[in-house]
Amino acid sequence: MANIDEMISSHLDDKIDMIAATSVLQQQASDIRTQKINWQSYQQSQMISNEDYNAITALDGEKKSQYLKDNQYQGAKTFLSLLSHVSKDTTIQYLLVMIDDLLTEDRTRVDMFLDYASKRKETVWGPFLSLLNRSDGFIIHMTSRIIAKLACWGNDQMPKSDLNFYLQWLKDQLTLSAAAYNKELEEIIKNRGYKEKDHPHQHHMHLFHFHHHHQNKDQQQNVIVEKYREVSSALDDPNHGERAGSPSGVHLKITDNEYIQSVGRCLQMMLRVDEYRFAFVTVDGISTLISILSSRVNFQVQYQLVFCLWVLTFNPLLAEKMNKFNVIPILADILSDCAKEKVTRIILAVFRNLIEKPDDPQVAKEHCIAMVQCKVLKQLSILEQRRFDDEDITSDVEFLTEKLQTSVQDLSSFDEYATEIKSGRLEWSPVHKSAKFWRENAQRLNEKNYELLRILIHLLDTSRDPLVLSVASYDIGEYVRHFPRGKHVIEQLNGKQLVMQLLGHDDPNVRYEALLAVQKLMVHNWEYLGKQLEKDSEKAPGDKEGGKVISGKA
């Protein structure tokens, strides 16, 4: 465990604190330090006690370190008292900067707050958590930063109810910030020359939801991705815009979510503690990270969120469950168009943990198969051709290449099929159209209480992707065709009704595959139907040339 903490620390503290120094939060903190508070006026108006006045003036002076050595108890008492009783925003801001500076200078000072509260049988968390309800952005995010330090650097862990409240708050802030970021980034790209009329086939798609396995990566797609890279690089590098100039006169500054990096930083700290990892899962935190990563955030935030996933995967149980959230497909998509080395490095580290950390070899095998299906081997071969200063990247590329190549050699057709179904990213891979596969494996869809069938039916109910709907309909038809009691099972699982609903779908391929599936669900004489299907495949409805079947594989 010590080695894990050391590894995480090397990534986290040294590198990210340098970034934090230039963040919006730190820039504001620097300004606030220069705005001295007139503590005497608080004393004269009897807004604070003489005891607190003497303490805060000492803490706000040059001899604060000596004062804390001799008066830790009073120092903690005064800070907590003032945070609870002072209402003016500028004073609260100043107090929070003082506290954060004290903790940053010496981590053991966290315990002065925790010990004070413990001796008085009070909670140290209440005064800080209540500040999260303030309207001032700096106050809530500097408070959040302090809470994370108290929770991670002290001897006592955060109580469960306070922990869940704080993690839920972080999750909500991340969601709101990412949504605001996405919206503003979309406006910037539109203003920099992206016109919907130039890309008529993209008009239905949110500009930044590119991470879809079935989307054609044609020239139009590449244009959008390149525009995203250009703007995101500018946002990561404040000087970029000045050097390169802004073609449309657009200032490359995101204003609505200035604190998103601070929220990410807090999460990175919290998830180093194993008990906090499970609490984060209970508030549906992994789904939130994946949802945001599947949209577009700038590379620094992308790195921070993948870092959170990486830290989570050090727990073997979480590493086993991680791909149930579709982590591998999303990260594989990011890896394929990643322009930043640090993002590449952290994604490879996640992939390595997903293979190394699970206790169950079968789960590690499934993760390997999922990576193969998401074209990770292709990305690894590209990375092998590049030179990296970071030895971790070279090591991880070698490790992953070896493991994935081995899994390809051991891969059975049913393993491949099951992994594809579980990923929810169906396509016309050869296994679907193989009569031999269905003869040998149709009844295996009954395993684990019809797990794969239930997923197929769930996809019919929830997916908006015509390709997924077409393949799922076809598979259900083949299952019914090759398993004697298949019709009854599908009806019991409500699959028949869902297939029939697709007969009215807008997409002609979906309608066609649904029609074939319904025919298989209705017919009793399979020998007769087999001959009819052969005729149908020779000339599909509406195909005057007669050489092609209208289907998602075309």
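The values are calculated or read from the model by the stated rules, or taken from the named source; none is laboratory data. Quantities reported herein were computed from a predicted structural model and do not represent experimental measurements. Here the Cβ positions follow ideal geometry from the backbone for every residue, glycine too, while neighbour counts run over all protein chains shown.
Given the criteria out of contact with any strand residue (DSSP E or B) (no Cβ under 8 Å at 6 or more places or on another chain), over 23 Å from Ile455 (Cβ atoms) and charged (D, E, K, R), does Lys422 qualify?
Values: out of contact with any strand residue (DSSP E or B) (no Cβ under 8 Å at 6 or more places or on another chain): yes; over 23 Å from Ile455 (Cβ atoms): no; charged (D, E, K, R): yes.
Taking the combined requirement at face value, the residue does not satisfy it.
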inquiry  = Kindly evaluate Thr344 against the criterion of being among the β-branched types (Val, Ile, Thr), surrounded by fewer than 22 Cβ atoms within 10 Å (Cβ to Cβ) and in a helix (DSSP H, G or I).
reply    = no
request  = Answer yes or no: is there a residue in region 158-173 that is at pLDDT 90 or above and over 25 Å from the mean Cα position of the chain (by Cα).
outcome  = yes
task = Return the total of residues in region 460-484 being assigned to a helix (DSSP H, G or I), more than 15 Å from Tyr512 (Cα to Cα) and either touching a Gly at 6+ places or on another chain (Cβ under 6 Å) or basic (Lys, Arg) (or both).
result = 3
key: Single residue of region 124-142 satisfying the filter (surrounded by 17 or more Cβ atoms within 10 Å (Cβ to Cβ) and not in a helix (DSSP H, G or I)) that is modelled with the lowest pLDDT   = Val124
ask   = Among the residues of region 176-189, which ones are surrounded by fewer than 20 Cβ atoms within 10 Å (Cβ to Cβ) and either closer than 27 Å to Asp31 by Cα or at pLDDT 90 or above (or both)?
value = Leu176, Ala180, Glu184
ask   = Right, Thr108: assigned to a helix (DSSP H, G or I), at pLDDT 90 or above, out of contact with any helix residue (DSSP H, G or I) (no Cβ under 6 Å at 6 or more places or on another chain) and crowded, with 18+ Cβ neighbours inside 10 Å or not?
value = no
key: Residue list for region 389-414, filter: in contact (Cβ under 8 Å) with a residue 40 or more places away in the chain and surrounded by fewer than 17 Cβ atoms within 10 Å (Cβ to Cβ)   = Asp390, Asp392, Phe399, Asp410, Leu411
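Okay, residues lined up against (1) surrounded by 15 or more Cβ atoms within 10 Å (Cβ to Cβ); (2) touching a residue at least 12 places away in the same chain (Cβ under 8 Å); (3) touching a Leu at 6+ places or on another chain (Cβ under 8 Å):
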{"position": "Ile355", "(1), (2), (3)": "yes, yes, yes"}
{"position": "Ala364", "(1), (2), (3)": "yes, no, yes"}
{"position": "His367", "(1), (2), (3)": "yes, yes, yes"}
{"position": "Ala370", "(1), (2), (3)": "yes, yes, no"}
{"position": "Leu377", "(1), (2), (3)": "yes, yes, yes"}
